[in-house]
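First up is the structure itself, then whatever we jot down about it.
The values are calculated or read from the model by the stated rules, or taken from the named source; none is laboratory data. Here the structure is a predicted model, which means the values were calculated and not measured. Reconstructed Cβ throughout: ideal geometry from the backbone, glycine too, with neighbour counts over all protein chains shown. For the accessible areas, the whole protein counts, side chains as well, though only heavy atoms, and no ligand, DNA or RNA atoms are used. Shrake-Rupley method; radii C 1.70, N 1.55, O 1.52, S 1.80 Å.
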Amino acid sequence: MLAFVSQPGFDPNLFVDGIDSQTWQGLNDDPDIPLLNRPLRGTYPPGSTYKPFMALLALESGKRTLGQTISDPGFFMFGGRRFRDSRPGGHGRVDLHKSIVVSSDVYYYMLANELGVDRIHDFMRPWGFGQLTGIDLEGESTGILPSIQWKRQRMNEPWYPGETISVGIGQGYNAFTILQLAHATGVLANDGIAMRPHVAKAVEDPLSGARSPTVRRPMHTIPLDPEHLRAVRAAMVDVSRIGTARQAFADAEYPVAGKTGTAQVVGIKQDEKYDASKLDERLRDHSLFIAFAPADAPRIALAVIIENGGFGSQAAAPLARQVLDYYLLGKFPELPVHEAMVQ
């Protein structure tokens, strides 16, 4: 792990000599939950950052081909309910490449309905979604990768077909840690080879100075058609070149494979339109972004979430750009992070 950041945080020096009860109570009562290690223990719906993985499932399962298109009118009807796209008028004819670049919800509503929740579950499990990564830190959360069996055991209720529709766009019962999302992005960048994430790179013998790597071999390899991998990666490159993250990565000096995500915190009635200004800040959408770069020879993979930050392109993607610029080019941010996110 190159960086593992959770904000807002707290001063650990408060605990050195024993924290006083008033300060301890204040940390626990803070609505921003500073004691929560968000990458390790926070669980969130991944939103549209799930779509590259769904696209791979579409190709690997044979449910979609690269040249196949669907009609996206801006909504998908199922069981008398209208599942809306973020773009009211839709995106017209959409193939797999375009579905990622413009982030068509309708494409993935239809796909999820055809696949079923258990097929989605079985494909996503090896990527680490809803699973402990085994990182060398205590307290990792498992998250939720839903299935028919999971709901039966957890809620003693049947799975309803309409619940699968939202799962396809990273909503519904999906709840993953940002560590899991970053790990899955790294597996995607690594040709399906899953390496266990770790904080300590090596263990050094105090007497001999000899170092032993903490991770010696892959956990497993996900069998994927190389053509399918290339297709999904190419679409993710166009996300940052001409798609939803184009503004955040304008004039970038390296190719970026990325995907924006916007995850709902509260549901919206069918006849209502989302208006962040009318909602309490903690009820607004989460902003997410995943990426690896350089896209043609990856050196770094990341996942970013800004709680209640709005669209992924507006908050998380600009922050990710600063991180990648620093790591790949040595550039320090010209603006403080909180100011850069609103530019």
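Brief remarks on what is shown
- Computed with every protein chain present, the accessible area of TYR254 is close to 20 Å² [probe 1.4 Å].
- Shape call, segment 61-117: gyration tensor on alpha carbons, a/c limit 1.5: oblate
- For the chain, a Gaussian network of Cα nodes joined below 10 Å ranks ASP205, ASP136, ASP191 by mean-square fluctuation, and the top entry is ASP205.
- Gaussian network model of the chain, Cα within-10 Å springs - most flexible of PRO298, PRO146, PRO206: PRO206
- Euclidean distance of C-alpha centroids, segment 14-72 and segment 161-224, integer Å: 14 Å
- With contacts taken as Cα pairs under 8 Å and at least 6 residues apart, the chain reaches a relative contact order of 16 percent.
- For the chain: rounded, prolate or oblate by the Cα gyration tensor [a/c cutoff 1.5]: rounded
- Average Cα contact separation per residue, segment 1-64, under 8 Å, 6 or more apart, as relative contact order %: 36 percent
- Accessible area in the full protein assembly, largest first, 1.4 Å probe, for PHE123, PHE10: PHE10, PHE123
- Under 5 Å between amide hydrogens, built in the peptide plane, is the criterion, and for MET219 it picks out ALA194, MET195, ARG196 among residues at least 5 positions away or on other chains.
- Per residue, the solvent-accessible area of the chain (1.4 Å probe, heavy atoms of protein chains only, all protein chains present) comes to 51 Å².
- Computed 3J(HN,Hα) for segment 68-84, one whole-Hz value per residue from the Karplus formula 6.51 cos²θ - 1.76 cosθ + 1.60 where θ = phi - 60°, is 6, 10, 10, 9, 10, x, x, 7, 9, 8, 8, x, x, 10, 9, 8, 8, glycine and proline marked x.
- Table column - 3J(HN,Hα) (Hz), segment 312-320, Karplus curve with 6.51, -1.76, 1.60, x for Gly and Pro: x, 6, 8, 10, 5, 5, x, 5, 4
- Placing +1 on the Cβ of every Lys and Arg and -1 on the Cβ of every Asp and Glu, with no other charges, gives the chain a dipole of roughly 1140 debye about its Cα centre.
- Protein-only accessible surface at a 1.4 angstrom probe places the residues TYR108, TYR160 in the order TYR160, TYR108, largest first.
- Accessible-area rank, largest first, for TRP24, TRP150: TRP24, TRP150, with all protein chains present and a 1.4 angstrom probe.
- Separation of the alpha carbons by more than 29 angstrom is noted, of LYS201/LYS331; LYS98/LYS201; LYS63/LYS151; LYS63/LYS259, for LYS98/LYS201.
- Cα-based shape type of segment 133-269, given that a ≥ b ≥ c are square roots of the gyration tensor eigenvalues and the cut on a/c is 1.5: oblate
- Segment 1-98 - percent of accessible surface contributed by carbon and sulfur, probe 1.4 Å: 51 percent
- Accessible area of LEU229 in the full protein assembly, 1.4 Å probe (Å², nearest 10): 10 Å²
- Exposure of ARG196 as accessible area (Å², to 10), given a probe of 1.4 Å and all protein chains: 100 Å²
- 3J(HN,Hα) from dihedral phi, segment 169-176, Karplus parametrisation 6.51/-1.76/1.60, rounded to Hz, x for glycine, proline: 10, x, 10, x, 7, 4, 8, 10
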